[in-house]
Every structure is written in structure tokens, then in C-alpha cells.
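Step one of this worksheet: look at the structure below.
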There are 2 protein chains.
Amino acid sequence: MDKAQILVASNRGPVSFSISEDGSLDYRRGGGGLVSGLSSVAATTDTLWVCAALSEADRKAAATAPGARLDLAGFDLGGMRVRMLDIPDDTFTDAYTRVANSTLWFVHHMLYDTPNKPRFDAAFRREWQGYRDYNGAFAEALLTGSADNARVAVQDYHLALVPRMLRGRRPDLRITHFSHTPWAPPEYFRMLPAEIGRELLEGMLGADHLGFLSRRWADAFLRCCEAFLRVEVDWSKRTVEFGGRIIEVAVHALGADAGNLRERAAAADVEERRAALRERVGDRKLIVRVDRTELSKNIVRGLEGYREMLRDHPEWHGRVTHLAFAYPSRGDVPEYREYTESVRRVAKEINQEFGTADWSPLILEVNDDFPRSLAAYRMADVLLVNPIRDGMNLVAKEGPVLSDNGCALVLSTEAGAADDLGRDALLVNPYDVSETARVLHRALEMDDDERRARCERLVERASALPPSRWFEDQLRALR
Amino acid sequence: MDKAQILVASNRGPVSFSISEDGSLDYRRGGGGLVSGLSSVAATTDTLWVCAALSEADRKAAATAPGARLDLAGFDLGGMRVRMLDIPDDTFTDAYTRVANSTLWFVHHMLYDTPNKPRFDAAFRREWQGYRDYNGAFAEALLTGSADNARVAVQDYHLALVPRMLRGRRPDLRITHFSHTPWAPPEYFRMLPAEIGRELLEGMLGADHLGFLSRRWADAFLRCCEAFLRVEVDWSKRTVEFGGRIIEVAVHALGADAGNLRERAAAADVEERRAALRERVGDRKLIVRVDRTELSKNIVRGLEGYREMLRDHPEWHGRVTHLAFAYPSRGDVPEYREYTESVRRVAKEINQEFGTADWSPLILEVNDDFPRSLAAYRMADVLLVNPIRDGMNLVAKEGPVLSDNGCALVLSTEAGAADDLGRDALLVNPYDVSETARVLHRALEMDDDERRARCERLVERASALPPSRWFEDQLRALR
């Protein structure tokens, strides 16, 4: 098998399969920053993307491809070479669902109901072994697929142990790891079992270069290193010395892919959604939000902020509509199901309290319709992005880019995006429903000139580091 | 009215009243570090204690006393002068129940189920005004009752605004504020509405001297000052410059009042409980815990740790009994009621899984019996203190002091007491049920010599700063 000079490892790959009615394999290339970032690199260098099979169809595709190399099985991946790993079911559930998404995600987003969760017991130790095995499977594939002195870009909290696993066996490799989430402060990170916290940090420090979306998360990581590994941090250079090497910790603030987005948002299906929405809401002002139904996205408090605004400012009754598009996520986890129920309940309360024969103050849709989301971005007068904690939040960057008339952005201080956009967004404390109400009113009231001028500056900042450059910067750091 | 040279302000005072069957007022002096600390000072200096009426009987007592001065109404308070404030019901509920205990307590102990709580809305702003009024009532009483250049010792998170209120009107006063809770790291503290977070910090910085129970909490406070007030912190001296003054931030690690405790634990009612317990458990080893049913005390995970130990070490079956004494707390708050139910449920599961005709592995009592708690401290082979977060935790200090044969202390890393006792206690991560199981086993196995030697050192450290010296140190800091 040929060896690659550049390798990417991530749980989700750039392509996903489904089984069509006649039993054959369908596939489509994914969206997202990493795919578009890598595509441009893949066109010029020889690269290999290692990812996990996420469905039965994925597994089937991987099984039919020589060495699980999808590109060798005749699938057109735009020049990318992709190896899709068939991880055993139990291992995948332990690693992905239990450790990564129900533990590490909760730690970094500070989502736990601490009196009751987490509890690290014997069952968790078995799950942790699954996480190790899953990381090991990726490491093995990267070792096999890499040329001498290749550069390896490992993605996210699912794969925190991979850098050290590679380092131990192939010191020639140059390794970067990028975290797409926030990073917990030491006061929260320390709830992990001590030896597991250290294993995570030491796993990542196997890399030469560590990337984060915000200075805040990078600092939190460095503080964790100080607190749990007793290593020296050079705060002026933002480096750690570990295992006789110097590891750089840097911020790469992923931005919107403006060109691709605008092209997609001009398509007929989006135009059609836009017309239908306009028909439905008339010339009312539009407050838009688009999120996964994810505990960190803070949809309920956003709705409550809107409710408090309608109570305090009856002058908006009949003159504004809030479009809340929430696409379903993690419906298999009880907390997520209950959360989605809360969203529906508050939405209903708002329409009951304020709705009239010819005005629905709130339109909530809990389903996934990507072109409709793009249409909503185009139409928004106000875009509301109020997560309680968020690595970056690309909605805050993509919304302004697509805005037809320049939207006002109401943005949580706790989103990484606030670093880049804080000057021209209207910032809110996501826990503060009253402030959210006040700021929504202010955003609705903003005069056209100010709104457009702010939005222009938002677009500039939001697209300052498009995915391709974001990815190239990380590779360049592995000089 | 006479003016005092030393004043203490705290929500709960040194005396509480009840109405006896014939309708007359009964009263008793409270226990606790502050009361015993102040008593010794009160004997030599003229002091005034300002506190809130906490019951109808308290109110009645305050109403009958001239200027609400209980000592002038003929109650014998051991030389202390006490003014008990009759705070209007609504104000008290807003300040004490809603702001202090349901918000500030949750913030400093990091107890929130963050996707759902807190939410700071218009109702919270009204409650906050109640907190201000309550603080204002204390400030007014302190202003009225203080001699020129008097020293004022303000206690705890209920009264964070008092120092600044005093400072503004009486720059001659010398003011200290002491926090009996942990302090939240800035990453958590920032969930408070920004202006309220600042008001709290600035309120406390009205003092000349701020005291905390642990270096960790003092550091967290200083980091909050840096993050939210943009003030200069001198980390070598642990001072902040604010409003043209230098404020000291110091650690006063309150210890056990060994003499008083031992005297109390030798009384007949304790002896009687001890005999009854011994009768019940025979010569089995005893693991003891004593807590309020408080979300931060982590009783459920403690029981789960015990369960995992019994699963992993059948050799203890029949040879150990866990006494878990939980006295009821905040039964009016749904989270607390549910938590107590979880405690009962897990306890029942453990007895069902392991209990036999002649062995109950666990004895859970959810009621308040102080002499029984003292008896349990005397008898414990292992004392389990595993809060998820705790300002100090005096059980960890009082238990070893009272131990008849030298107990092993299993102690949470997250209790302030771990600073003082960490060397001779066996430390556990309170979220880590498996580690708790392992360490309980290790504690049970510890040989007598080691256990006694450790316990002797624990007693020495635990009683190093008894309440009287703890209080004198704070007054001395106001030189």
C-alpha cells in the first residue's frame, strides 16, 4: 500500500454511506470545515484520511474496499484517499458514546449535574479501556499508512491518546492535535479520575503542536498541564516542556468558508425555502437561531429571553417573529430527550401567552433542513447564538456571511467566536435571561446603518481564517 | 445605647429561641466555631453580635428586647451582647433562601445542573434587591452599634455587600470579612450576571482584610478580582489594590475546638449512644460518616464506593458495618428531597445485595442526633468525608479528635481540610467511586500502629487553630 505524506485522523470522515432501495451503496461527501479545508490540500499533496465507520452502510463499504481504502474501491472522493476503520461495536460504543460524548464532552462544556453525575466506577474503567482500544486502532492505521517524516493531523477529543501512541513508535512523525471543543479549567477537569486525566494530557502532549479554537481553551489546557503533570509552562511562548520535547500550544480560530457557503445559499432549494418563510412571516422582523438540540446550546434560556423581551416591550407584539430551528441530536440520551421536551414546552407557553389570530411570535422546528437553515440566515434581522459554552460556534460566523441585509448578532460571551466577533456582536451572558431580553430588544431597534456596518465587519472577521488556511497553518506549524 | 469596640455580623446568631408549651420563650446557646471563638473574646472586650431572627420565637424575643438587644432583656448570653434583627419575611426569603442558599451556595460549590439552571431573569433581580436590603439592615445595625475605630468581623456569603456599605459611611471602621464556603473559579463565577458578580466582589473589597478557609479559595477569589474588576493583584503578598486601598486576602484554616468537644463527647448521653451502637454492631469494623443531606456532601457516591468495595472484597462481608448518619437539610428544595431519596434507595440496594440474617452492611439514619454522632466519631475505625466541594469540613477535623482508638480518615481532595490533613488522611477524588472503594479497603486494612500514628498527627493538625485563635487572628489582622 502506498504511504502518505500527510495524514488526517478524525472520528467522522469526509464521506458517509447509505444503503439504497435496491441494496447498493449510496454515498455523499460531508460538509464542514475539515472536509473543505482538507480538500484543497488533498489536491496538491498526497494525503490519507483515517476515520471510523459510523453505520452499517459505512461498514459494508469499508469491508468491500481493499485494506478499507475507499478510494481504491472506486468511490470518487475528489482526490482524497480515505481509510475507514471498522471498529467493533462494543469498543465504538464505549469510546464514542460513553467516554467521548457522555464524559469528555460534558467535562469540557461543564455540563454535569455535579451532585449526581459523573460517577467513575468499575464500569467506567471498562469503557475507558474501549477508548484506549479505539485510539489504538487509529494509531495503528496511521502508523501503517504514513511515509517517513509524514505529518499527522489528529482531530478532537475522541482521539486524545493517539499522539503519544504514535510518538512512542515513530519518532520521525510530526504530529499535531486539534481540539474542536472548549477545554475545562483545572477546577473542573480534576473531577476525572486522576490517572485518566493525566493519560489524556500526556496523550495529547505526544504531539509537537496542539491547536485550540480560542486563547481561553489553550490557557485552560496549559493550566491543566501545570496542575496535573507538574510541568513547566512558558507562558510567554505558550509552550510546555514534556518528555524532553517542547510542545507548542496555539490558537487557530477556524472561520467560515464564505465562498462555498454563498454559492450553496444561492441554490434553488434555498431560494424556495426563503420564499416560503417570507410568505409565512410577512414583513415582520426576524430573530433566527439554528442549533442542534444539544445541552450546551442553551435554547431554553434563549426562548425565555425572547419571552421576557415580549413582556417588557409590547411594542414588538405582532412585529417580530422568532424562528428557532433545532435539529435533533443524541435522542438516545435521556438528558437530551428531556431537554428537547423543555424546548417544546417553553415554545408552546410563549405562543399561548402572546400569539394572536394572525401572529405566531415563535416558530419552532425540531428537524433537520439544511437549505431552510441557510434561507433563515439570509433573512435574519437578528441572529441569536447563546451557548453556555462552545468551542467556537460556526453559526455565529456563517450567519453574518450569508445575511442579505446585514444582521445583528447576539452572541454568548462563552462561545469561542466571541474572541473574534466580540467587538461588533452584542454580547450576552448565556445564563442571564434578562440581559438576553434587553440585548434582543437593542438588536431589533438597531438602525439599519449601524446594523449593516457592524455586519460588514463581522463578515470580515468571520471569514479571516477559512478552513483551507486554518488547516494549512497547522501543517505549517509542523515544520 | 452603648457602642461596641468589636462587632460580629452573621446570619445565624449565638442563640436561638423556641416557644415552650406554656407560651414562654425558651432559648439555647448554639454550638459551632464562631460561637466558641467569640465567647473567649467577648469575656475580655466589649463586643456586639448582630444576627438575624430565624424563627417566630426569635422574632418575638427580638421584639421584647430594648432595641432588639437580647442581653438587655435579661437573657444570659455568657457576657455577649447580641442584637437580633427582625428582617421582613419577604426580604429574608429573597436574601437567605433564594440568593444566598439557592444561588451563591450553588455557584461556590459548583452544584448547578448547568444546561437547566441557573437562570437569571426579572424575578432574580427582585430577589437580588432583597439581598441588598438584608445586607443594608445589617450595615445599619453595625453603624449604629459601633464605637469610633471599632473592628467589625462580617461572616460569610450572606453578607458580602456589608463591608462596602460600611466603608462608604464610616471610613474609621476596620473591617474583615470571612468566607466559610469555597470560592468559585472565574470560569464558573462568570455565570452570575456581570453587574451582580462585580457588586459581590466590590462589596467584599470594602473590607481591609478578607479571610478564607483554604489557599485554593483565596486564590480563586483573587483570580475573580483580576478577571472581573481588572484590578492589580500582588500575588507574592496576596493583596489587591482597590479604591485606593490595599486589601489583604489571607487564609485562616479554622480547626477543631478539641477541649470542648472532648468534654461534650464524654457526657452520659453520648456514652449511652455508644453502648447502644456497640450492642448493635458487635465487634465489626466501623466505617462512619456524618453529614447534612446536602448536595455537596456526596453521600450517594460514598455509598456506591462502599458497595463496590463489598463487591471487590468479599472478605469484608460480615466483618464491617457502615454507619451513615445524615441529618435532614433544606427539605423545602426539590433537589434536596430527591437527593435524600437517592441516598435511601442506594442504601436499601446495598442491604438487599449483601445483607444476611445476622449482618446489616449499612445502617443509614436520616435524622438529627448530635450525641449519637459524637458516639460514632469515638467508635469509628474509618471516617469517610468525601464532599464534592467543601469550604473546610469540620467533621474531618472533629472525628479524629474524638476517636477512642485512632481512626483512619478517608478524605476528599475537594475539601478545604485536605490542605491541613492531606498528609495523614487517605485522599480520594469524590467523583471516583472505584477509588473510594479501593481507599476504603486500604483504610480498613491499615494496621493498628499506622492508623494510630496517623490519627495522632491528624489530631495535632486538626486542632492547630482552634476557634478562639482563629477569631483573634482575624481581629489582629485589623491592626
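Here are the numbers for the structure shown:
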| item | result |
| --- | --- |
| Volume per residue that the Cα convex hull of the protein assembly as shown spans, once the total is divided by residue count, Å³ | 200 |
| Pairs beyond 22 Å (Cα-Cα), from B:Lys285/B:Lys348; B:Lys117/B:Lys348; B:Lys3/B:Lys60; A:Lys117/B:Lys117; B:Lys237/B:Lys297; B:Lys297/B:Lys348 | B:Lys117/B:Lys348; B:Lys3/B:Lys60; B:Lys237/B:Lys297 |
| Contour excess over end-to-end distance, with Cα ends at B:Lys117 and B:Arg264 and 0.36 nm allotted per residue | 48.7 nm |
| Calculated Rg and Dmax of region B:384-479 using C-alpha coordinates, Å | 14.4, 50 |
| Volume of the Cα convex hull of region B:305-348, divided per residue and given in Å³ | 70 |
| Value of relative contact order over chain A, rounded to a whole percent, pairs C-alpha under 8 Å and six or more apart | 14 |
| Cβ-based net charge around A:Asp369, under 13 Å, with every Lys or Arg adding one and every Asp or Glu removing one | -1 |
| Pairwise label distance in nanometres, B:Ser329 with A:Asn405, each label 7 Å out on the Cα-Cβ vector | 5.6 |
| Region B:267-462 - percent relative contact order, Cα under 8 Å, separation 6 or more | 24 |
| Label-zone membership for region A:457-474, site A:Ala43, 7 angstrom Cα→C-beta point, backbone N under 13 Å | A:468-469 |
| Least to most buried among B:Leu465, A:Leu458 (fewest other Cβ within 10 Å first) | B:Leu465, A:Leu458 |
| Integer Hz, Karplus 6.51/-1.76/1.60 couplings in order for region B:120-130, x for Gly and Pro | 9, 10, 4, 4, 5, 4, 5, 4, 4, 4, x |
| Gyration tensor (alpha-carbon) shape descriptor, chain B, a/c threshold 1.5 | prolate |
| 5 angstrom amide H check on A:Gly30, placed H, neighbours 5+ away | A:Val15, A:Ser16 |
| Cα shape, region B:267-462, gyration tensor, a/c 1.5 rule | rounded |
| Rounded Å value of the spacing that divides the Cα centres of region B:71-129 and region B:192-212 | 16 |
| Beta bridges by DSSP in region A:333-479, antiparallel share as percent, to the nearest 5 | 10 |
| Which of B:Val439, B:Val251 has the fewest Cβ neighbours within 10 Å, and the rest in rising order | B:Val251, B:Val439 |
| Fewest-first sequence of A:Phe212, A:Phe178 by Cβ atoms within 10 Å of each Cβ | A:Phe178, A:Phe212 |
| Helical mean residue ellipticity (222 nm; -39500 (n - 2.57) per DSSP H run of 4+; nearest 500) of the protein assembly as shown | -13000 deg cm²/dmol |
| 3J(HN,Hα) from dihedral phi, region A:383-392, Karplus parametrisation 6.51/-1.76/1.60, rounded to Hz, x for glycine, proline | 10, 9, 9, 10, x, 6, 5, 7, x, 9 |
| Measure of compaction for region B:1-153 (Cα Rg per 2.2 N^0.38 Å) | 1.14 |
| Around A:Val233: net Lys/Arg minus Asp/Glu count, Cβ-Cβ under 10 Å | -2 |
| GluC sites (Glu not before Pro) lying in DSSP loop within region B:221-282, provided at most 16 other Cβ fall within 10 Å | B:Glu232 |
| Neighbourhood net charge (12 Å Cβ-Cβ; Lys/Arg +1, Asp/Glu -1) for B:Phe471 | 0 |
| Diffusion coefficient, µm² s⁻¹, Stokes-Einstein with Kirkwood Rh over alpha-carbon pairs of region B:117-234 at 10 °C and 1.306 mPa s | 107 |
| Mean Cα-pair separation over length for region B:217-259, i.e. relative contact order, pairs under 8 Å, 6 or more apart, % | 27 |
| Computed E for A:Arg215/B:Val366 - FRET, C-beta separation, R0 41 angstrom, nearest 0.05 | 0.30 |
| Shape of region A:121-173, Cα gyration tensor, a/c cut at 1.5 | prolate |
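Read-outs: derived from the displayed coordinates by stated rules, not from any lab. Because the structure is a prediction, the values reported are computed rather than measured. Positions of Cβ are generated from backbone atoms using ideal geometry, with glycine treated the same way; all protein chains shown enter the neighbour counts.
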